[in-house]
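Here the structure is laid out as structure tokens; the discussion comes afterwards.
The values are calculated or read from the model by the stated rules, or taken from the named source; none is laboratory data. These numbers come from a predicted model, not from an experiment. For neighbour counting, all protein chains shown are included, and Cβ atoms are generated from backbone atoms with ideal geometry for every residue, glycine included.
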Amino acid sequence: MTGQEPEVLVEVSNGVGRLTLNRPKAINALNHGMVRTIADNLSAWADDDSIRAVVVSGAGERGLCAGGDIVSIYHDAKDGGTGSQEFWRDEYILNAAIGRYPKPYVAIMDGIVMGGGVGISAHGNVRIVTERSTIAMPEVGIGFVPDVGGTYLLSRAPGELGTHIALTTGRLKAGDAIALGFADHFVPSESLDKFVAAIGSAGLDDAIAEYSRPAPESELLAQQSWIDAAYSADTVEEIVERLQASDLPEAQATAEQILGKSPVALKVTLRSLRRARQAGSLEQVLDEEYRVSLASLKSHDLVEGIRAQVVDKDRNPQWSPATLADVTAADVDAYFQPLGELELGLAASQGE
């Protein structure tokens, strides 16, 4: 488009390929064109001996990426279109490619990193957080289920911390992100420019050694005992009952948080997390997340959740089924049905 900057800025300097998400007014929310640009450049750089490392960051001060463009998903779901299906296919393929990237993939997870932003960062092999980092998978709040490999990451967090984050849409700060396996190193935001420059001039290891600092303590990790006790239950209903029965005010407050989310999304998410924990690879999990995402696209709650949170902003979604008790096993099963020729097929492509 004439006169407009590209939505992903691409630069190569000192042996470092840089990808900067460039929609700062939208907190760099991902659209299909951005996913394709990122994927095309990563593919080219993987075989380019002159590129020693890749750095992915977001333009502006607010964050790396606030997730996918959910307003587009809303309209696509209402219209019965296939745009989201194609977007998710390419996005999940990209997530898998990042998970197996053959070179240092340095994700600068500064500011807000949510949903699709997690997918382009937390599967990388060098993940940087700052004192401004806020990382979340808020999907159940809009009638959706954690995707972009989010259930893979959440299911591998210590104990049941990932289950807690998924069902409450809780937010991780820098120390939490490192403790839960979403990030590796803490670099103060004021040092980011020097850190990135040093990757090219001194090399990645030296840059990390010079600019990383001890991470803040994880407040979430300190609460693991009561979280594990509650979330080890087999059903969302029992998790809520255990939280409500707790003597801890924070546990009781957490029960209220969960009860405000989409009942069917909560139950599908819990099953997704339990199954992801047993999966052998990120690709297997992405294959299943694709089935769940396409089922969500046809659901009442995804459209209603986005309407309430983002379109009309009344913050008063009318979920259907309305309560956890109303969600049947068949309702949950429907989200996991094979897709036939529409299957993502990532695990099969890896010979799994």
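Computed quantities for the displayed model
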| read-out | value |
| --- | --- |
| The stretch 150-175 - residue that is surrounded by 24 or more Cβ atoms within 10 Å (Cβ to Cβ) and touching an Asp or Glu at 6+ places or on another chain (Cβ under 7 Å) and, of those, farthest from Ile227 (Cα to Cα) | Ala174 |
| Residue match in the stretch 159-180 (condition: within 29 Å of Ser13 (Cα to Cα), without any contact (Cβ under 8 Å) to a residue 60 or more places away in the chain and touching a Pro at 6+ places or on another chain (Cβ under 6 Å)) | yes |
| Unique residue being closer than 24 Å to Gln350 by Cβ, among the aromatic types (Phe, Trp, Tyr) and more than 15 Å from the chain's Cα centre (by Cα) when the list is Tyr92, Tyr105, Tyr74 | Tyr105 |
| Options Gly3, Gly68, Gly80: the member that is buried (at least 23 other Cβ atoms within 10 Å of the Cβ), small (Gly, Ala, Ser), modelled with pLDDT under 95 and out of contact with any Cys (no Cβ under 6 Å at 6 or more places or on another chain) | Gly68 |
| Candidates Ser43, Ser57, Ser50, Ser84 - the one that is more than 24 Å from Gly345 (Cα to Cα), out of contact with any strand residue (DSSP E or B) (no Cβ under 6 Å at 6 or more places or on another chain), among the polar types (S, T, N, Q) and in contact (Cβ under 8 Å) with a residue 12 or more places away in the chain | Ser50 |
| Criterion violated by Ser189 - all others in (1) in contact (Cβ under 8 Å) with a residue 60 or more places away in the chain; (2) in contact with a Ser or Thr (Cβ under 8 Å, 6 or more places away or on another chain); (3) surrounded by 23 or more Cβ atoms within 10 Å (Cβ to Cβ) satisfied | (3) |
| Qualifying residue in the stretch 299-308 (condition: in a helix (DSSP H, G or I), in contact (Cβ under 8 Å) with a residue 24 or more places away in the chain and hydroxyl-bearing (Ser, Thr, Tyr)) | no |
| Pairs where the first residue, in the stretch 1-30, is within 18 Å of Gly63 (Cα to Cα) and among the hydroxyl-bearing types (Ser, Thr, Tyr) and the second is at pLDDT 95 or above and in a loop (DSSP other than H, G, I, E, B), C-beta under 7 Å, 6+ apart | Thr20/Ala59 |
| Odd one out for Phe144 among (1) outside any strand (DSSP E or B); (2) farther than 26 Å from Val310 by Cα | (2) |
| Filtered residues of the stretch 111-131 (kept if assigned to a loop (DSSP other than H, G, I, E, B), in contact (Cβ under 8 Å) with a residue 60 or more places away in the chain and not acidic (Asp, Glu)) | Ile120, Ser121, Ala122, His123, Gly124, Thr130 |
| Test: residue in the stretch 193-212 that is surrounded by fewer than 21 Cβ atoms within 10 Å (Cβ to Cβ), at pLDDT 95 or above and within 14 Å of the chain's Cα centre (by Cα) | no |
| Yes/no for Ser218 being more than 22 Å from Gly116 (Cβ to Cβ), at pLDDT 95 or above, part of a helix (DSSP H, G or I) and of a type in the set (Gly, Ala, Ser) | no |
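One line per residue, one yes/no per condition, for (1) β-branched (Val, Ile, Thr); (2) in contact with a helix residue (DSSP H, G or I) (Cβ under 6 Å, 6 or more places away or on another chain); (3) farther than 22 Å from Leu161 by Cα; (4) buried (at least 22 other Cβ atoms within 10 Å of the Cβ):
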| residue | (1), (2), (3), (4) |
| --- | --- |
| Gly280 | no, no, no, no |
| Ala295 | no, yes, yes, no |
| Ala308 | no, no, yes, no |
| Thr328 | yes, no, yes, no |
